[in-house]
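Q: Below you will find the structure I want to go over with you.
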Amino acid sequence: MDRPDRKLNRLENYDYSRNGLYFITICTKDRVPYLSKVSSVGNAALGVPRNAITENGIFDVPHVKLTKYGEIVNINIKKINEIYKYVSVTKYVIMPDHIHMILFVSDFWDKPLKNGTPRAAFLTKSISQIINGLKSISTKQIGFSIWQKSFHDHIIRNEKEFLEICDYIDNNPINWVNDIYNQNYWR
């Protein structure tokens with residue numbers, strides 16, 4: 001029996017270790033909400049903008065509470081900046097069943113020294129190797145795989161796209177709360 005042709009996830013002939021900004025989305029297996037819980041705070045579920053301030057002067061935004069597995073993933077995301085010499089996590093959010101992050105890859109990334117020794121251990125800057133490393137170490141620490149195969153990427157081409165994606169990441173929790181399909185996760 002012939003297998004169906006599988007759609008390629010990456011751009012053909014594109015060097016994913018090339019300098020630039022990459023918007024990455026990693027999903028959990030079967031979209032199970034292993035990573036966090038997004039709770040509605042006040043009127044956030046009614047669509048109040050994320051920068052709205054209540055009468056008491058408190059920001060009225062959804063709250064993302066990481067699970068035990070989410071904490072493990074969070075620690076490992078933060079370590080990317082230390083482990084890889086030419087890569088930095090610029091922005092990220094850990095949602096219940098997925099992660100969004102922006103990776104910055106540059107040959108000129110200068111890691112600060114810590115106790116007189118370089119902090120970066122690996123020279124690799126291949127996006128696939130970095131994401132596979134994150135998934136692998138998280139799986140080892142959790143004790144079983146929570147990850148969907150592969151990941152989604154988008155090459156950020158200009159400042160406008162970068163700012164739009166940053167806004168998308170910032171607003172992801174409130175969009176989650178407002179999304180009728182996800183309301184069973186925050187109640």
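Q: I'd like the full set of residues that are within 15 Å of I130 (Cβ to Cβ), in contact with a helix residue (DSSP H, G or I) (Cβ under 8 Å, 6 or more places away or on another chain) and of a type in the set (F, W, Y), limited to the stretch 63-101.
A: Within the stretch 63-101, Y84, Y92 qualify.
Q: What are the pairs with Cβ atoms under 9 angstrom where one residue, in the stretch 58-74, is part of a loop (DSSP other than H, G, I, E, B) and at pLDDT below 80 and the other, located anywhere, is surrounded by 15 or more Cβ atoms within 10 Å (Cβ to Cβ) and of a type in the set (S, T, Y)? Sequence gap at least six, or different chains.
A: Here the result reads P62/S39; P62/S40, each pair linking the stretch 58-74 to a residue that is surrounded by 15 or more Cβ atoms within 10 Å (Cβ to Cβ) and of a type in the set (S, T, Y).
The values are calculated or read from the model by the stated rules, or taken from the named source; none is laboratory data. This structure is a prediction, so every number in the text was calculated from the model and none was measured. No Cβ is skipped: glycine too gets one built from the backbone with ideal geometry, and neighbour counts run over all protein chains shown.
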